[in-house]
Amino acid sequence: MGPPPPLLLFLPVLLSWFGGTWAQDTCRAPERLQDAELQEDFSSEQSFPVGSSVSYVCRPGYVAIPGKSSTRTCGEDLEWSPLEQFCTERKCRHPGELEHGFINVTDLTFGSKATFSCERGFRLLGTDEITCVIQNKGVDWDKDLPFCERIPCKPPPSIANGHFTEADHYVYQTSVTYTCDEVPRGTDPFSLIGSATIFCTFDENSNGVWSEPPPECKVVRCDNPRVENGRKISGFRPFYSYRDAVIFECDPGYSMTGADVITCEANNTWYPPKPTCEKSGPASPGYTPSINYGRVIEGAKPSYSVGDVITIECYAGYTLHGEARIEYLGENKWNPGVPTCQLSAYVIAIICVIVVIVVFLAAFWAYKKFLSQNGSYTVDESCKETCVLKYNVPAEMEETAQMN
């Protein structure tokens with residue numbers, strides 16, 4: 001076999017040269033975009049000659065912006081020409097209004113969410129959140145909108161010997177009123193124990209509940225109350241039923257222990273218990289209390305009975321410490337205790353000022369006396385006409401003066 005032809009020897013070099021030149025004169029496939037993709041004609045190509053162009057289409061969930069170019073060109077620098085944003089997010093329609101509720105939506109673009117809540121007394125039926133998603137080459141909300149219904153309650157409970165006002169529906173704020181059944185003449189009537197009216201409300205889980213248990217209808221009869229050594233002054237009836245009240249007072253010479261007003265309760269008893277009237281006996285000595293620097297201005301007596309009240313006041317310049325009105329308890333005891341009268345603060349202040357002044361004057365007088373005994377002088381009465389001053393000096397000094 002002879003040597004290969006010269007052309008075959010240079011073929012690898014030529015292929016290498018052409019291949020390198022071709023590779024250097026093309027653009028690589030353009031990068032992927034978040035909101036757009038290459039048209040199908042260009043999606044499979046890996047290299048593009050200088051001057052060639054490609055076009056994009058918006059991805060689902062995005063829409064083209066009018067007037068914005070979606071084409072790029074491979075430049076001589078083997079780079080793709082820049083692009084302005086030409087796709088924008090599609091927007092869902094506004095969810096609208098939610099009757100008796102609230103919609104919280106900050107954005108309508110693809111991927112955004114809307115949340116729902118209801119007014120007090122209503123509860124949400126359906127989802128509490130929807131999302132804007134891709135649907136049918138566009139966007140729409142992924143779920144149906146919910147609605148708010150007024151919270152319902154079950155029918156109110158029936159009661160024995162009574163009935164309630166009925167309604168077509170029992171929902172939030174619906175109220176019902178109970179009434180006891182009528183009874184034949186001459187028969188004890190039923191008393192309504194509890195609240196006559198209850199209303200539909202709701203619990204922490206938005207479930208309808210009644211505001212409180214229903215009342216009860218039953219016969220309540222309390223005995224005719226009598227108090228020995230006392231009498232009724234109010235509440236005269238042939239018989240006593242639920243919540244009837246009676247007021248008592250004791251006969252003269254008797255004192256009451258307990259409450260003067262009693263009421264017939266649901267358990268056929270009086271509350272509080274009936275009072276008692278006990279003989280007061282003769283008035284105890286109970287002398288008027290002695291109040292230093294004060295006096296009794298009202299209610300003073302030679303002697304006092306339990307329950308008597310006196311009023312006390314202090315003299316001018318004194319302040320009352322304790323209650324002005326006190327009640328006699330018997331055995332020389334008063335409630336609260338007998339008050340006292342004490343000097344007022346301003347009187348104490350005046351006395352302190354007077355004491356200071358007296359001390360100051362006494363000190364000043366002592367000081368003057370000291371000066372008069374140690375060199376002060378006086379006018380000699382025998383020399384008034386010549387106005388000669390005679391000094392009070394010690395005897396030694398006077399004798400020395402005469403010798404000179």
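Would you list which lysines come within 29 Å of Lys218, measuring only between C-alpha atoms, while excluding same-chain residues fewer than 8 positions from it? Candidates past the 8-residue exclusion: Lys154, Lys232, Lys274.
A Förster radius of 41 Å, combined with the Cβ-Cβ distance separating Asn224 from Ala324, puts the computed FRET efficiency at roughly 0.45. Packing, as the average of other Cβ atoms within 10 Å across residues, places the peptides 250-260, 107-117 in the order 107-117, 250-260, highest first.
Only alpha carbons enter this Debye calculation for the stretch 31-89, each as an equal point scatterer, and the log10 of I(q)/I(0) it gives at q = 0.20, 0.23, 0.24, 0.29 Å⁻¹ is -0.75, -0.95, -1.02, -1.29. In terms of overall dimensions, the stretch 162-218 has a Cα radius of gyration and Dmax of 14.0, 49 angstrom.
Sorting Val50, Val353 from the fewest to the most surrounding beta carbons within 10 angstrom yields Val353, Val50. Length available on full extension from Leu124 to Ala349: 0.36 nm per residue minus the Cα-Cα distance, which gives 73.4 nm. In this label model, Ser195 and Tyr315 are separated by 6.3 nm, measuring between points 7 Å along each Cα→Cβ vector. Modelled spin-label separation between Ser53 and Asp77, with each label point placed 7 Å from Cα along the Cα-to-Cβ direction: 2.0 nm.
Normalised by 2.2 N^0.38 Å, where N counts its residues, the alpha-carbon radius of gyration of the stretch 230-279 equals 1.16. Multiplying the residue separation of Ser211 and Asn268 by 0.36 nm and subtracting their alpha-carbon distance yields 17.8 nm.
Straight-line reach from Lys137: taking Cα to Cα under 22 Å and skipping same-chain neighbours fewer than 8 places apart, the lysines in range are Lys68, Lys91, Lys113. Among Leu78, Leu361, the ranking by other beta carbons within 10 Å of each residue's beta carbon, starting with the fewest, stands as Leu361, Leu78. Taking other residues whose beta carbon is less than 9 angstrom from the beta carbon of Gly194, and scoring Lys, Arg as +1 and Asp, Glu as -1, yields -2. Counting only DSSP H runs of at least 4 residues, each contributing -39500 (n - 2.57), and dividing by the residue count of the chain, the helix-based mean residue ellipticity at 222 nm comes to -4500 deg cm²/dmol.
Across the stretch 101-150, Cα-Cα distances exceeding 18 Å account for 33% of all pairs.
Quick one: plug the Kirkwood hydrodynamic radius of the chain (C-alpha pairs) into Stokes-Einstein at 4 °C, 1.567 mPa s, and report D in µm²/s. Here the translational diffusion coefficient equals 35 µm²/s.
Each reported figure results from applying straightforward, stated rules to the coordinates on display, with no laboratory input. For clarity, every value in this text was computed on a predicted model and none was experimentally measured. Virtual Cβ from ideal backbone geometry, glycine too; neighbours counted across all protein chains shown.
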